[in-house]
Amino acid sequence: MSARTRVKICCISSLAEAEMAIAAGADALGMVAASPPGSGAADDATIRAITAEVPPPVATFLLSSHLTGLAMADHLRHCGAGTIQIVDHIDPSEIAILAVAMPAVRRVQVIHVEGPSALELIPRYEPYVHAFLLDSGKPGGTMRELGGTGRTHDWEVSCAFVQATRRPVFLAGGLTEANVGEAIARVRPFGVDLCSGVRTDGRLDPVKLEAFMAAVRAA
């Protein structure tokens, strides 16, 4: 019997959305701080109000745009999340600083899959993080994207990444009820992560959410 695929629902922007996601069976909630691009951003006070109410064992992820370990640690103290999702390809030495400052916080490095070169980032980050999250952003260039694109990427690269690392891997990027079964079959991630795929007009949609959760359970 294969292991159960975990589900992280991102862009949670209110306690009502958090409660809806938890009731549907989400394993983790992602809260986007106001500065990273993408939908579903929330201010720090709202994020703290959410994290204060989330019951165990549901994990809380803070998506922060800070690029230094000390700034990320300070942001985490304000927001109360148990996991930091590092949305940019930052210097690993800053993650090491964060690990010393807040050793109990779990660290997840986002890898933006633009091609096979994504695999080259495994040895760069693996010693410093607890998990990876593969997304479809474009951190380089003039129009930087750090997630929330609603696009899929090359799942063959993602599959190779999962096989090459000893860390758990979340798969994100354009996932919906219609394609998550194929994504799980092809990539075999530890978990899946999505925002827009369960939303209508920017709001968490209970019908789409339940359909997505059912598709994951059937995969």
Residue that is nearest to the chain's Cα centre (by Cα), among those in the stretch 87-102 that are of a type in the set (A, V, I, L, M, F, W, C) and modelled with pLDDT of 95 or more: Ile95
Only unsatisfied item for Gly40, checking (1) farther than 22 Å from His130 by Cβ; (2) crowded, with 18+ Cβ neighbours inside 10 Å; (3) at pLDDT 95 or above; (4) not charged (D, E, K, R), is (3)
Failed criterion for Arg77 (all others in (1) modelled with pLDDT of 95 or more; (2) at positive phi; (3) not β-branched (Val, Ile, Thr) hold): (2)
Would you say Val105 is surrounded by fewer than 20 Cβ atoms within 10 Å (Cβ to Cβ), under 14 Å from the mean Cα position of the chain (by Cα) and among the β-branched types (Val, Ile, Thr)? no
Single residue of Gly80, Gly30 found to be crowded, with 22+ Cβ neighbours inside 10 Å and within 30 Å of Arg124 (Cα to Cα): Gly30
The correct count of residues that are in a helix (DSSP H, G or I) and without any contact (Cβ under 8 Å) to a residue 24 or more places away in the chain in the stretch 200-213 is 1
Could you say which residue among Ala59, Ala42, Ala18 is in contact with a helix residue (DSSP H, G or I) (Cβ under 7 Å, 6 or more places away or on another chain), within 29 Å of Glu94 (Cβ to Cβ) and of a type in the set (Gly, Ala, Ser)? Ala18
Do you know which of the residues in the stretch 163-178 that are closer than 21 Å to Ala214 by Cβ and surrounded by 22 or more Cβ atoms within 10 Å (Cβ to Cβ) is modelled with the lowest pLDDT? Gly173
Given (1) at pLDDT below 95; (2) assigned to a helix (DSSP H, G or I), Ala183 misses just (1)
Would you pick out the residues in the stretch 150-162 that are hydroxyl-bearing (Ser, Thr, Tyr) and either under 16 Å from Cys10 (Cα atoms) or surrounded by fewer than 19 Cβ atoms within 10 Å (Cβ to Cβ) (or both)? Thr152
The stretch 10-32, subset hydrophobic (A, V, I, L, M, F, W, C) and part of a helix (DSSP H, G or I), residue nearest to Pro57 (Cα to Cα): Ile22
Thr5 fails exactly one of (1) touching a residue at least 24 places away in the same chain (Cβ under 8 Å); (2) buried (at least 22 other Cβ atoms within 10 Å of the Cβ); (3) in contact with a helix residue (DSSP H, G or I) (Cβ under 9 Å, 6 or more places away or on another chain), namely (2)
Look through the stretch 108-127, keep the residues that are farther than 17 Å from Gly173 by Cα, of a type in the set (D, E, K, R) and in contact (Cβ under 8 Å) with a residue 24 or more places away in the chain, and return whichever of them is surrounded by the most Cβ atoms within 10 Å (Cβ to Cβ). Glu126
Suppose we keep only residues that are under 15 Å from Cys10 (Cα atoms) and charged (D, E, K, R) within the stretch 180-200. Which one would you say is surrounded by the fewest Cβ atoms within 10 Å (Cβ to Cβ)? Arg199
Kindly indicate whether any position in the stretch 44-63 is surrounded by 15 or more Cβ atoms within 10 Å (Cβ to Cβ), part of a loop (DSSP other than H, G, I, E, B) and in contact (Cβ under 8 Å) with a residue 60 or more places away in the chain. no
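The values are calculated or read from the model by the stated rules, or taken from the named source; none is laboratory data. Everything quoted here is computed from the prediction, not taken from an experiment. Methodologically, a virtual Cβ is constructed for each residue, glycine included, from the backbone with ideal geometry; neighbour enumeration extends over all protein chains shown.
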